[in-house]
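The values are calculated or read from the model by the stated rules, or taken from the named source; none is laboratory data. Just so it is clear, the model here is predicted, and its values are computed rather than measured. Reconstructed Cβ throughout: ideal geometry from the backbone, glycine too, with neighbour counts over all protein chains shown. Areas reflect the complete protein model, heavy atoms only, side chains present, ligands, DNA and RNA absent. Shrake-Rupley method; radii C 1.70, N 1.55, O 1.52, S 1.80 Å.
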Amino acid sequence: MPDPVVLLDRVSRTFAGTTPVHALRHVDFRLEAGEYVSVVGPSGSGKSTLLHVLGLLDEPTDGLYFLDGINVALINDAERTGLRGDRIGFVFQDFHLLRHRTVTENVLTALLYNRFPRRERHGAAVEALERVGLGHRMDQTTDKLSGGERQRVAIARAIVSRPSLLLADEPTGNLDTATSESVLEVFDDLRSDGLTLVVVTHDETVSAHAARHVRMVDGFLSETTSGRGTR
Amino acid sequence: MTLLGQPPPSVVRPHLAFRDLVAESVTSLLARPGRSLLTILGTVLGIGAIVATLGLSKTAGNQIVTRFDALAATSVTVTQRNEFGWFGPSQQTVNLIPWDAEDRIKRLNGVLAAGIKSNVSADGQLTRSVPINDPLAQTEFAINLVAVSPGLFDIAQAELRSGRFFDEGHSLRADPVAVIGRSAAQRLNLDRVDHQPAIFVGDVTLIVIGIIEEVAREPSLLDAVVIPNGTARKLFDLNGIDEVQIRTEIGAAQLIGSQAATALYPNEPNRLRVAVPPDPRAVKGAVEEDVNALFLVLGGVSLLIGAIGIANVTLVSVLERVGEIGLRRSVGAARRHIAAQFLVESAAMGFIGGIVGASGGVLVVVAVSATRTWTPVLDPWIPLGAPALGIVVGLLAGLYPALKASRLEPVEALRAGL
């Protein structure tokens, strides 16, 4: 049996301060390859912290995290960064695209730091953009795109390096209903291609696209339905 | 998978090819060309000022040397040392320079021409051209009376308007003849000499045999009545020589300067004062140092301002691009890649500033040289070194912003920046 993509073993994340904030409390979480999970919960419940820990942007203060079977506490900062660039794709609420740069250049950013073969870069970018339905926009600068198109560029950037895990933080938070739908359709496509997806959201319609739902409250994680095996 | 989970060899360390680093940095700069250009302006001015300074001082230094070469660098003057305080040379009680000074000097190898010159004291007597008193016009003037040997006309490269110079014969016979300068002739109302006009210095009558139109040296001759030595000694009691003037071959001035005093007064040569032109190499060095010191400081100050400008804008740009920094970290950029990108960007701005500044500086040197008809001179290392200096300035300026950028925590950066 292959390693799960994510295995959290009693993971805690506490932010020190005069009143310490317990963003994650003893979270156990297992994510198999190909799962599509939504994380819901009120703001301040630890959703974003969970996502940052999963994305190796933040480290647990306690507990163990295995990504693709690798104990990330045992590798150094540079290796964690390498792992992040190699195996994780991020989609942010506010896109984080480079302005004044073309769509293709933005997607190529994700291939700069992970030894992706130079000759295959452009082809991979084109392929990723075609998958999100932006094959016709490749040479535009991102300032000229609509919100939905921008988020699809961000998704193309997140998947171009063929990561093990795609993490999306409120991916439709800045989009209206119609464009949200186009983004969610892309997620559905990616899911059916076997990509592992974690989407943090407070929007029920977004959450409904996922097969499995977890809920964060006060740093505790709980499964609301187990979508394992259902599509 | 074991519970401890050893990192498999498939963990790749983050890496950024130098080519990609440069491409990313340059693209970032080109994305906002206006701002990048404004940023490098300070560096352009600083390096331009330094290049122009070095070039102009070199050019001017060479030019000054050329002028000395043309005229002054071949002139040697021997005068009698003042031994008893402040006396005019013509009141010297003892005459050390012999009357045959011209011949003695001409025997030295390297001498092209030699002549002697003395101011003749006419006891304040005025000079007039006609023996009549016209009450309406000024007819008497205080005109300098100068005694020279014929060689001095050669030294001064005097050109006649009409008539002739006097020669050794006039001097030996003490003929009452004079050659007068252009200005003196105008004042005395003389225009031509074919009718042998007479002038009167006090009660001495002199026949004008030539009028000097132009001289290259000794411009005082143009407003003087010039008479032969012998005439001055007989009619005006001239008892000593003021100065011996020597024109040498180019490059021989230093040598002649060391021999002239001995040739003129072998007993005690150091009682004569020999003025030789300054050593050309010394002049060049001194001029360059003077000009350089001042303007290099100015150039350095503008370069410092330029560096602060780059540092400032790079710092602002780091703050503006917090989101981009977070994004790059999230796609696998290590801290050193972030630092490297900002360093390369500021170094590139310095480099461009260096190139543009050096070009501007060279243009200034050429333009100034063109208006002065100088030959522009520039050390070859200047246009090559300027971009290197620009890179150094850019790197130094980018150091702090780059460190600041690399220290940003990715989570904070992603949250803060848009």
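Can you work out which of the residues in the stretch B:390-418 that are within 11 Å of another protein chain (Cβ to nearest Cβ) and among the charged types (D, E, K, R) is farthest from residue B:304 (Cα to Cα)?
B:415
Considering only the stretch A:193-222, state which residues are in contact with a Lys or Arg (Cβ under 8 Å, 6 or more places away or on another chain) and surrounded by fewer than 14 Cβ atoms within 10 Å (Cβ to Cβ).
The answer is A:218, A:222.
Does at least one position in the stretch A:46-61 carry a residue that is more than 10 Å from chain B (Cβ to nearest Cβ) and assigned to a strand (DSSP E or B)?
No: zero hits.
Give me the residue from the stretch A:17-45 that is within 20 Å of residue A:89 (Cα to Cα) and part of a strand (DSSP E or B) and, out of that set, most open to solvent (accessible area, probe 1.4 Å).
It comes out as A:30.
Filter the strands (runs of 3 or more DSSP E) completely within the stretch A:131-231 down to those with at least 2 residues that are closer than 30 Å to residue B:11 by Cα.
A:165-169, A:196-200, A:212-217
Can you work out which of the residues in the stretch A:109-120 that are within 9 Å of chain B (Cβ to nearest Cβ) and not hydrophobic (A, V, I, L, M, F, W, C) is nearest to residue A:156 (Cα to Cα)?
A:109
Scan the stretch B:171-182 and give yes if some residue there is in contact with a strand residue (DSSP E or B) (Cβ under 9 Å, 6 or more places away or on another chain), surrounded by 15 or more Cβ atoms within 10 Å (Cβ to Cβ) and part of a helix (DSSP H, G or I), otherwise no.
There is at least one residue in the stretch B:171-182 that is in contact with a strand residue (DSSP E or B) (Cβ under 9 Å, 6 or more places away or on another chain), surrounded by 15 or more Cβ atoms within 10 Å (Cβ to Cβ) and part of a helix (DSSP H, G or I).
Has the stretch B:387-409 got any residue that is without any contact (Cβ under 8 Å) to a residue 40 or more places away in the chain, outside any helix (DSSP H, G or I) and closer than 30 Å to residue A:46 by Cβ?
yes
Residue pairs, Cβ under 8 Å, 6 or more apart or interchain, first in the stretch B:162-177 and in the same structural domain as residue B:206 (by TED's automatic domain parsing), second among the aromatic types (Phe, Trp, Tyr). List them.
Note: pairs meeting the criteria are B:165/B:153; B:175/B:166; B:177/B:166.
Could you check the stretch A:1-38 and list, in sequence order, the residues that are of a type in the set (Val, Ile, Thr) and within 13 Å of chain B (Cβ to nearest Cβ)?
A:5, A:6
Go through the stretch A:85-108 and give me each residue that's open to solvent by less than 20 Å² (accessible area, probe 1.4 Å), at the interface with chain B (Cβ under 9 Å from one of its Cβ atoms) and free of Cβ contacts under 8 Å to residues at least 60 places away in the same chain.
Correct list: A:96, A:98, A:101.
Conditions first: (1) over 17 Å from residue B:323 (Cα atoms); (2) facing chain B (nearest Cβ under 7 Å); (3) of a type outside the set (S, T, N, Q). Residue A:124 passes all but one, so which condition is the exception?
It fails just one condition, (2).
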